[in-house]
Amino acid sequence: MVDVGKWPIFTLLSPQEIASIRKACVFGTSANEALYVTEDDEGEEGSLCVTLGQTSQTELFVFQVFVFGLNYSNCLGTGDNQSTLTPKKLEALCGKKIKSLSYGSGPHVLLSTEDGVVYAWGHNGYSQLGNGTTNQGIAPIQVCTNLLIKQVVEVACGSHHSVALAADGEVFAWGYNNCGQVGSGSTANQPTPRKVTNCLHIKRVVGIACGQTSSMAVLDTGEIVCGYAHTLALTDEGLLYAWGANTYGQLGTGNKNNLLSPTHIMVEKERVVEIAACHSAHTSAAKTQGGHVYMWGQCRGQSVVLPHLTHLSCTDDVFACFATPAVSWRLLSVEHEDFLTVAESLKKEFDSPETADLKFRIDGKYIHVHKAVLKIRCEHFRSMFQSYWNEDMKEVIEIDQFSYPVYRAFLQFLYTDTVDLPPEDAIGLLDLATSYCENRLKKLCQHIIKQGITVENAFSLFSAAVRYDAEDLEEFCFKFCINHLTEVTQTAAFWQMDGPLLKEFIAKASKCGAFKN
């Protein structure tokens, strides 16, 4: 969980103000500016009804956006050039659900909402605000040219240029272009958003990132993040690559030598599932499948040239505690645990003999549950306990068609909405979810399998996806197998597969051009 209190600038706020924060971003050359969203950041209007005698009044409320700090180059967007230690409401953005936010070291700020609208403000010497002028933006103004009919899902800023990703996979860029970072095929500055067609024609982009004077786009599943002048890339196998500048050891190679091409790092570590970098700090971070967080690069004036294991729980904390300046590398989402919620109470009571009124026995082991919870959470059990099933009168129900880890994970999911299983066991849970018509659990199993796919298990997972009619997972596993075709075809799982499925895979792979020279 992200704790905004770890960022020095937020120590200026009261505990009550911090408790109300739901999203936040720290930026500025000295991490001395911040934007945050208060309680109701779901972005939907609600109503509070107050009864006074015979009179009923309804008050509408929406979430609020606040800024505070230095206000260098009008990056607070308050309409004036005054710095403030007291948060000011950003009226232009109140009531709008913020989805993506980025800042450039120029500096300027770019923001997109859930509705796909883009706003920009701050320094504009190179038209990085996209309004066709070089006039400074003193308040958030909608970026209209070429984006008005587009739903933007992500924004990214370089030092003096901007990039936006539309829901249909198209990329638009504008601003400073001395190094070709706008992707227009020239080095002329671009005053308004322009669709990037060079190398991206008819290709669908799913992610974008910017360095100081560079831009990147991801065309398939994965992550690319950019620092000031270095880049980290995460593959679908959880392998981490780095290249670019290495003055502070931010590549994690054990030295400070620059690299012109991607090099595999963290080779001996477990699978990497998240990477972090931003061009305001020479710091890199990564989180592994086991929840371990590593950092390297510039660390409070020191150079850490190899990934260093921290005690932190998320990559956001790395930038709060170690980066110089202590900026956030992405828009922070904050959760609070001020009291025990209904969900947390249910989680505590799972497999509790003290309060349970029913037991399942699988492989000789017992799992204690509550009939009422099962009926509320699952249609299968609602039918079981409200009809004339034999199980309705039993205190112990025997289960023999699923393994203990799989069935326990299923019951625990009904109490917690989460699943903690390796990909191979998640296949069995996918089978159960399909049998019990639990579509949400089915999707969650697919997500676990996607994160845990390897060359060794890829074809087995592909086969299971076909068997359980999980089309999205089937396509994902198929693409992974194609991307690593030589290695996959040398695994035992590939040659142990039944003939019809093997023929179907080979035919489909052939149509994709997998066997062309």
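Just to verify a result, which residue in region 332-360, among those that are part of a loop (DSSP other than H, G, I, E, B) and surrounded by 15 or more Cβ atoms within 10 Å (Cβ to Cβ), is modelled with the lowest pLDDT? Even if it seems obvious, please write down each step before you answer.
Initial filter on region 332-360 (part of a loop (DSSP other than H, G, I, E, B)): 334-341, 350-357.
Within this subset, residues satisfying the condition of being surrounded by 15 or more Cβ atoms within 10 Å (Cβ to Cβ) are 334, 350-351, 356.
On the way: Val334: 87, Phe350: 96, Asp351: 96, Ala356: 95.
Among those residues, the one meeting the criterion is Val334.
Just for strands (runs of 3 or more DSSP E) wholly inside region 259-328: which have at least 3 residues that are open to solvent by less than 20 Å² (accessible area, probe 1.4 Å) and either in contact with a strand residue (DSSP E or B) (Cβ under 6 Å, 6 or more places away or on another chain) or not small (Gly, Ala, Ser) (or both)?
Numbers: elements: 259-265, 272-278, 281-288, 293-299, 302-309.
Qualifying strands (runs of 3 or more DSSP E): 272-278, 281-288, 293-299.
Could you list all residues from region 402-417 that are farther than 14 Å from Asp363 by Cβ and surrounded by fewer than 17 Cβ atoms within 10 Å (Cβ to Cβ)?
Hits for region 402-417 are Thr416, Asp417.
Among Val466, Val455, which is in contact with a helix residue (DSSP H, G or I) (Cβ under 7 Å, 6 or more places away or on another chain), part of a helix (DSSP H, G or I) and under 20 Å from Pro422 (Cα atoms)?
Numbers: Val455 fails: part of a helix (DSSP H, G or I).
Matching residue, one of Val466, Val455: Val466.
Quick check, is Lys503 without any contact (Cβ under 8 Å) to a residue 12 or more places away in the chain, open to solvent by 40 Å² or more (accessible area, probe 1.4 Å), over 26 Å from Glu270 (Cβ atoms) and not in a helix (DSSP H, G or I)?
Numbers: without any contact (Cβ under 8 Å) to a residue 12 or more places away in the chain: yes; open to solvent by 40 Å² or more (accessible area, probe 1.4 Å): yes; over 26 Å from Glu270 (Cβ atoms): yes; not in a helix (DSSP H, G or I): no.
Considered against the rule, which asks whether it is without any contact (Cβ under 8 Å) to a residue 12 or more places away in the chain, open to solvent by 40 Å² or more (accessible area, probe 1.4 Å), over 26 Å from Glu270 (Cβ atoms) and not in a helix (DSSP H, G or I), Lys503 comes out as no.
Looking at (1) within 28 Å of the chain's Cα centre (by Cα); (2) open to solvent by less than 70 Å² (accessible area, probe 1.4 Å), find the lone condition where Phe385 falls short.
(1)
Can you tell me which condition Asp363 does not meet? The list is (1) at negative phi; (2) more than 30 Å from the chain's Cα centre (by Cα); (3) modelled with pLDDT of 90 or more, and all the others hold.
So Asp363 meets the others, but not (1).
Would you confirm, using the coordinates I've provided, whether Asp469 is within 20 Å of Leu429 (Cα to Cα), exposed (fewer than 11 other Cβ atoms within 10 Å of the Cβ) and of a type in the set (Asp, Glu)? Reasoning before the result, please.
Details: within 20 Å of Leu429 (Cα to Cα): yes; exposed (fewer than 11 other Cβ atoms within 10 Å of the Cβ): yes; of a type in the set (Asp, Glu): yes.
Against the criterion (within 20 Å of Leu429 (Cα to Cα), exposed (fewer than 11 other Cβ atoms within 10 Å of the Cβ) and of a type in the set (Asp, Glu)), Asp469 qualifies.
Scan region 196-214 for residues that are in a loop (DSSP other than H, G, I, E, B), free of Cβ contacts under 8 Å to residues at least 60 places away in the same chain and in contact with a Cys (Cβ under 9 Å, 6 or more places away or on another chain) and report the count. Steps first, please.
Here is the first cut: in region 196-214, the ones in a loop (DSSP other than H, G, I, E, B) are 196-206, 211-214.
When the remaining residues are screened for being free of Cβ contacts under 8 Å to residues at least 60 places away in the same chain, the result is 196-206, 213-214.
Next, only the ones that are in contact with a Cys (Cβ under 9 Å, 6 or more places away or on another chain) stay: 213-214.
Final tally of qualifying residues: 2.
If you take the residues of region 224-249 that are within 21 Å of the chain's Cα centre (by Cα) and polar (S, T, N, Q), which of them is surrounded by the fewest Cβ atoms within 10 Å (Cβ to Cβ)?
The residue in question is Thr235.
Taking Ala409, is it small (Gly, Ala, Ser) and in a helix (DSSP H, G or I)?
Numbers: small (Gly, Ala, Ser): yes; in a helix (DSSP H, G or I): yes.
Considered against the rule, which asks whether it is small (Gly, Ala, Ser) and in a helix (DSSP H, G or I), Ala409 comes out as yes.
Here's the yes/no breakdown for (1) over 29 Å from the mean Cα position of the chain (by Cα); (2) at pLDDT below 90:
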site: Leu444; (1), (2): no, no
site: Glu456; (1), (2): no, no
site: Tyr468; (1), (2): no, yes
site: Leu473; (1), (2): no, yes
site: Thr491; (1), (2): yes, no
site: Trp495; (1), (2): yes, yes
site: Leu501; (1), (2): yes, yes
site: Phe505; (1), (2): yes, no
site: Cys512; (1), (2): yes, yes
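Have a look at His308, His292 and point out the one that is under 21 Å from the mean Cα position of the chain (by Cα) and farther than 12 Å from His230 by Cα. Walk me through how you get there before you give the answer.
Details: His308 fails: under 21 Å from the mean Cα position of the chain (by Cα).
It is His292.
Mind checking whether some residue in region 236-254 is under 24 Å from Ala164 (Cα atoms) and in contact (Cβ under 8 Å) with a residue 60 or more places away in the chain?
Within region 236-254, one or more residues are under 24 Å from Ala164 (Cα atoms) and in contact (Cβ under 8 Å) with a residue 60 or more places away in the chain.
Can you tell me which residue among Ala372, Ala409, Ala426 is under 28 Å from the mean Cα position of the chain (by Cα) and modelled with pLDDT under 95? Before you say what the answer is, go through the steps one by one.
Working: Ala372 fails: under 28 Å from the mean Cα position of the chain (by Cα); Ala409 fails: modelled with pLDDT under 95.
Result of the check over Ala372, Ala409, Ala426: Ala426.
Which one of the conditions (1) within 27 Å of Gln289 (Cβ to Cβ); (2) not in a strand (DSSP E or B) does Ile367 fail to meet, given that it meets all the rest?
(2)
Read through the list (1) assigned to a helix (DSSP H, G or I); (2) open to solvent by 70 Å² or more (accessible area, probe 1.4 Å); (3) among the acidic types (Asp, Glu), then give the number of the only condition that Asp420 fails.
Result: Asp420 fails condition (1) only.
The values are calculated or read from the model by the stated rules, or taken from the named source; none is laboratory data. No experiment lies behind these values; they were computed from the predicted model shown. Cβ: placed from backbone, ideal geometry, glycine included. Neighbour counts: every protein chain shown. Heads up: the accessible areas ignore ligands, DNA and RNA and are worked out on the full protein's heavy atoms, side chains in. Shrake-Rupley method; radii C 1.70, N 1.55, O 1.52, S 1.80 Å.
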